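The values are calculated or read from the model by the stated rules, or taken from the named source; none is laboratory data. Source: prediction; values computed, not measured. Cβ coordinates were reconstructed from backbone atoms using ideal geometry, including for glycine residues, and neighbour counts include every protein chain displayed. Please note that ligands, DNA and RNA were not included when accessible areas were found on the heavy atoms of the full protein model with its side chains. Shrake-Rupley method; radii C 1.70, N 1.55, O 1.52, S 1.80 Å.
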Amino acid sequence: MGIVRTIIESLFLIYTIGIFSFYFWLAIVSARELIRNVREARTTNFDALLSSPFAPKISLLAPAYNESLTIVDNIKALLGLYYQNFEIIVINDGSKDDSLEKTIAAFDLEKVPFAIDYQIQCQEILGVYKSRAKAYSNLTVVDKRNGGKADALNAGINIAKGDYFISIDVDSIIDPHALKKLIKPFLDASDKKVIAAGGVIQIANSCVIENGQLVEVNVPDKLIPRFQVIEYSRSFLMGRLAWSRLDGLLLISGALGLFDKEVVINCGGYYTKTVGEDMELVVRMRKYMANQGIKYKVVYISDPLCWTEAPSTLKVLGSQRNRWTRGTIDTIMLHRDIFMNPKFGFMGMVSHPYWVFFEWLAPIVEFLGISYFITIALLGLADWSFFYVMFGFIYFFAIMISTYAILFDHLSYNRYKKKRMIIKLLMTTWLEPFIYHPLIVYWGLRGNYDYFIRKKKSWGKMTRAGFDISKQKK
């Protein structure tokens with residue numbers, strides 16, 4: 001019994017050391033990359049892209065399903081982006097509310113004849129709408145039968161005229177300068193072809209939105225969205241920025257990602273039978289380039305911002321995280337041939353195993369560890385001194401990582417300009433391990449259960465409050 005217990009506890013200890021070592025390593029890499037990005041952004045003349053007639057055309061694809069509350073304001077925000085050559089394609093994916101009717105009325109749209117080249121299979125396109133007003137000449141609205149977000153994006157790709165397309169959530173607000181910053185890595189590429197680029201996602205809850213534009217940044221008033229601000233800061237500044245530098249980035253958020261259209265079409269477009277279409281596409285694109293023997297890279301930009309409304313209730317947040325877990329597992333399973341495969345370089349030997357052990361299996365291992373400790377505690381076998389040391393180390397390490405992410409973001413971009421906002425976030429980090437993290441573990445476990453036992457494939461409901469200034473500004 002003693003030997004078995006020693007083996008079990010050693011495995012838990014090794015796993016804990018492994019995941020913390022990875023976090024620490026990623027923090028160091030991301031810090032160096034963030035400093036480099038900030039310096040480069042300050043010395044780059046992005047405005048040259050605005051006046052250049054050679055700026056590549058970018059198609060903005062915005063799938064919309066029952067987005068009546070925010071769709072008009074968000075389209076207005078997209079129309080105000082600072083870029084020389086872009087088009088906006090809003091895809092109404094069979095909405096059951098009045099999203100399409102509101103859009104038609106707000107932008108004076110009419111149905112027009114349109115030849116569609118179905119390069120990628122998608123549900124039937126019922127109509128294409130253009131505005132009578134010259135001010136909205138670059139706006140196209142596509143009405144199609146419902147097929148899900150991935151299918152809607154495939155429809156948008158079939159319509160798109162640009163060499164590059166950006167996948168966004170129609171309920172999100174993009175920084176006006178995001179396009180010219182996202183396209184820069186594609187234009188700068190020399191030895192390696194850039195196939196995709198992602199940017200920072202931030203939480204818009206409690207921020208002031210007017211006419212589709214972010215006019216005042218605030219820390220969320222509610223605790224649940226505030227936890228997500230901290231989580232997003234860790235994920236984007238410490239995770240994706242580091243993986244980009246290491247050439248191992250496997251995920252670009254569906255809320256803000258710029259892609260090479262030709263490569264996506266060659267890969268077959270978005271896979272419609274998964275709820276993790278954004279991650280799955282990036283992994284498939286990387287596999288395609290590796291199999292073709294073409295040098296490539298997937299990059300992450302720490303500067304472009306996309307502001308999105310985060311779930312403010314446990315029910316909606318739980319549904320989102322359940323879907324994220326199932327999407328992660330699906331991508332790992334679909335591309336399991338990458339695992340520890342030297343053919344795929346750093347992605348196969350490090351990135352994919354990391355996602356397996358420290359993203360997919362983390363909530364399972366944590367649950368097993370807690371269950372094991374409770375069991376030995378009830379049997380009177382617990383080493384309480386060791387427990388207190390480990391608990392303190394894990395708790396303060398979590399706070400340290402979160403604090404680092406918040407302060408580094410503040411020093412680099414100063415998005416939250418008032419000291420009280422930073423203090424509010426820092427105080428929240430002390431609550432997160434006790435309140436928010438256990439919920440993330442629970443939703444991760446439910447996601448595994450729904451994937452393997454219930455075989456659940458649906459997205460789940462994402463009910464939004466909408467950007468209502470009267471509710472958000474005090």
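The set of residues from the range 78-106 being more than 21 Å from residue 167 (Cβ to Cβ), assigned to a helix (DSSP H, G or I) and touching a residue at least 24 places away in the same chain (Cβ under 8 Å) comprises 102, 104, 106. In the set (1) of a type in the set (D, E, K, R); (2) surrounded by fewer than 13 Cβ atoms within 10 Å (Cβ to Cβ); (3) at pLDDT 95 or above, the condition left unmet by residue 134 is number (3). A single member of 12, 20, 54 is assigned to a loop (DSSP other than H, G, I, E, B), aromatic (Phe, Trp, Tyr) and surrounded by fewer than 18 Cβ atoms within 10 Å (Cβ to Cβ), and it is 54.
Checked against (1) open to solvent by 30 Å² or more (accessible area, probe 1.4 Å); (2) closer than 18 Å to residue 246 by Cα; (3) in contact (Cβ under 8 Å) with a residue 40 or more places away in the chain; (4) part of a helix (DSSP H, G or I), residue 344 passes all but a single condition, namely (1). The condition of being under 14 Å from residue 270 (Cβ atoms) and part of a loop (DSSP other than H, G, I, E, B) holds for only one of 157, 120, 116, that being 120.
Filtering 290, 242, 189 for residues that are surrounded by 21 or more Cβ atoms within 10 Å (Cβ to Cβ) and not hydroxyl-bearing (Ser, Thr, Tyr) leaves a single hit, 242. Mind listing just one residue for me: the one in the range 242-277 that is hydrophobic (A, V, I, L, M, F, W, C) and assigned to a helix (DSSP H, G or I) and, of those, nearest to residue 292 (Cα to Cα)? Looking at residues that are hydrophobic (A, V, I, L, M, F, W, C) and assigned to a helix (DSSP H, G or I), I get 263. Of the residues making up the range 428-447, those that are among the β-branched types (Val, Ile, Thr) and open to solvent by less than 10 Å² (accessible area, probe 1.4 Å) are 428, 429. The test for being within 28 Å of the chain's Cα centre (by Cα) and either farther than 29 Å from residue 451 by Cβ or touching a residue at least 12 places away in the same chain (Cβ under 8 Å) (or both) does not hold for residue 377. Residue check: residue 366 meets all listed conditions (1) under 21 Å from the mean Cα position of the chain (by Cα); (2) in contact (Cβ under 8 Å) with a residue 60 or more places away in the chain; (3) open to solvent by 50 Å² or more (accessible area, probe 1.4 Å) but one, namely (1).
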